[in-house]
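Engineer: Here's a structure for you.
The values are calculated or read from the model by the stated rules, or taken from the named source; none is laboratory data. Since the model is a prediction, treat every value here as computed from it, not as a measurement. Quick reminder, even Gly has a Cβ in these numbers, built from the backbone with ideal geometry, and neighbours come from all protein chains shown. Side chains included, ligands, DNA and RNA excluded: accessible areas come from the protein's heavy atoms. Shrake-Rupley method; radii C 1.70, N 1.55, O 1.52, S 1.80 Å.
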Amino acid sequence: LESVKDIRMLVVDVDGTLTDGGMYYDGKGEALKKFNTRDAKGLLMLRDAGVRVCVVTAENSAVVDARMRKLGITEYFRGVNDKRAWLEDYRARFGIDLSQVAYIGDDLNDLECLQTVGFSCCPADAVPAVRAAVQYVCNAAAGAGAVRELCDLLLARHGD
C-alpha cells in the first residue's frame, strides 16, 4: 500500500458506498437513506489532516444534500453522470495528479475512475467487477464502516 502515503484527494461515491444502497420511500415518494456516523467522522478527520474530501453522486437527492450540509462537506457534487470527466477536471484545478487521488466506489459507474486513480478501494459488498478491479477491498460493507476503514488506512499512512 505504498501508493497510499501520497494521497491528497479522496473521492467518495454515495449510494452503495456511504450508504448500504438501500432506499426507503415514504407515501410521497421521498427516499430516505441510512448513513453511518463513523464514516462521517473518518471523512472529517481526513479533511482535517489536509486531504481534500470530495463526495460525488449521479443522484440529485435532498437527503444527501442535507447530510453533506450537516457534515460541512462543501466539496459535494450531485447529478454527476460522467464521474471520469468530473474527476479529470476537478483534480486538475488543484494541480493534483491522478496518482495522488484515492477513490472508493461500489458499482460499474465507478469503474473508470477506480481504474485511473492512485489508490482504488471498494466496500466488501461491491459488485464483483469492482472488487476484481480495485487495489483494496474493505472488510466492512457499504454503509457499515467501509469509508471509515479507508479513512483510517489513509490517516495511518498520511505524512509518513
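Engineer: Rolling a 1.4 angstrom probe over the protein heavy atoms, how many square angstrom per residue are accessible across region 6-160?
Structural biologist: Details: 7150 Å² over 155 residues.
Value for region 6-160: 46 Å² per residue.
Engineer: Give the relative contact order (percent, whole number) for the chain; include only Cα pairs under 8 Å separated by 6+ residues. Present the calculation step by step, with values, prior to reporting the outcome.
Structural biologist: Values: 311 pairs, mean separation 51.1, N = 160.
Relative contact order, the chain: 32 percent.
Engineer: Now, a different point. So what's the net charge close to ASP152: Lys and Arg +1, Asp and Glu -1, counting the other residues with Cβ under 12 Å from its Cβ? Numbers along the way, then the final one.
Structural biologist: Working: positive: ARG38, LYS41, ARG148, ARG157; negative: ASP39, GLU149.
Net of charged neighbours comes to +2.
Engineer: Apply the a/c threshold of 1.5 to the C-alpha gyration tensor of region 81-124 and tell me whether it is rounded, prolate or oblate. Show your work: numbers first, answer last.
Structural biologist: Working: a/c = 2.71, a/b = 1.45, b/c = 1.87.
Judged from the Cα gyration tensor, region 81-124 comes out oblate (a/c at least 1.5, b/c at or above a/b).
Engineer: Express in nm, to one decimal, how much length is gained between VAL127 and GLU30 on full extension, taking 0.36 nm for each residue of separation and deducting their alpha carbon distance. Could the numbers behind the result be given before it?
Structural biologist: Details: separation 97, 0.36 × 97 = 34.92 nm, distance 2.61 nm.
Answer, rounded to one decimal: 32.3 nm.
Engineer: Next up: When DSSP assigns beta bridges and you keep just the ones with both residues in the chain, what percent turn out antiparallel, to the nearest 5? Each step should come with its number before you reach the end.
Structural biologist: Values: 3 of 19 bridges.
Given both bridge residues lie in the chain, the antiparallel proportion sits at roughly 15 percent.
Engineer: While we're on this one: Under 12 Å from the Cα of LYS41, which aspartates and glutamates turn up, not counting those fewer than eight places away in the same chain?
Structural biologist: The qualifying aspartates and glutamates are GLU149, ASP152.
Engineer: Taking all protein chains in place and a 1.4 Å probe, what share, in percent, of the accessible surface of region 77-160 do carbon and sulfur account for?
Structural biologist: Its accessible area is 47 percent carbon and sulfur atoms.
Engineer: Using 0.36 nm times the number of residues separating ASP152 and GLN135, minus their current alpha carbon distance, what extension gain do you get? Before the final figure, lay out each step's value.
Structural biologist: Values: separation 17, 0.36 × 17 = 6.12 nm, distance 1.60 nm.
The ASP152-GLN135 span can extend by a further 4.5 nm.
Engineer: Same structure again: Let me know the shape class of the chain, please: from the alpha-carbon gyration tensor, a ≥ b ≥ c as square roots of the eigenvalues, rounded when a/c is under 1.5, otherwise prolate if a/b is greater than b/c, or oblate. Show your work: numbers first, answer last.
Structural biologist: Values: a/c = 1.44, a/b = 1.41, b/c = 1.03.
Here the chain falls in the rounded category.
Engineer: Within 15 Å, Cβ to Cβ, of ASP89, how many net charges do the neighbouring residues add up to if Lys/Arg are +1 and Asp/Glu are -1? Intermediate values should be presented prior to the final figure.
Structural biologist: Details: positive: ARG52, LYS83, ARG84, ARG91, ARG93; negative: GLU75, ASP82, GLU88, ASP97, GLU112.
So the surrounding residues net to 0.
Engineer: Right, next: List the residues, sorted by chain then number, that are 5 or more residues from LEU10 or on another chain and whose placed amide H is less than 5 Å from its amide H.
Structural biologist: When sequence neighbours closer than 5 places are left aside, the close amide H contacts are ARG52, VAL53, CYS54, ALA102.
Engineer: Less than 17 Å apart at the alpha-carbon level, and either on another chain or at least 8 residues along: which lysines does that give for LYS33?
Structural biologist: Here the lysines satisfying the reach criterion relative to LYS33 are LYS70.
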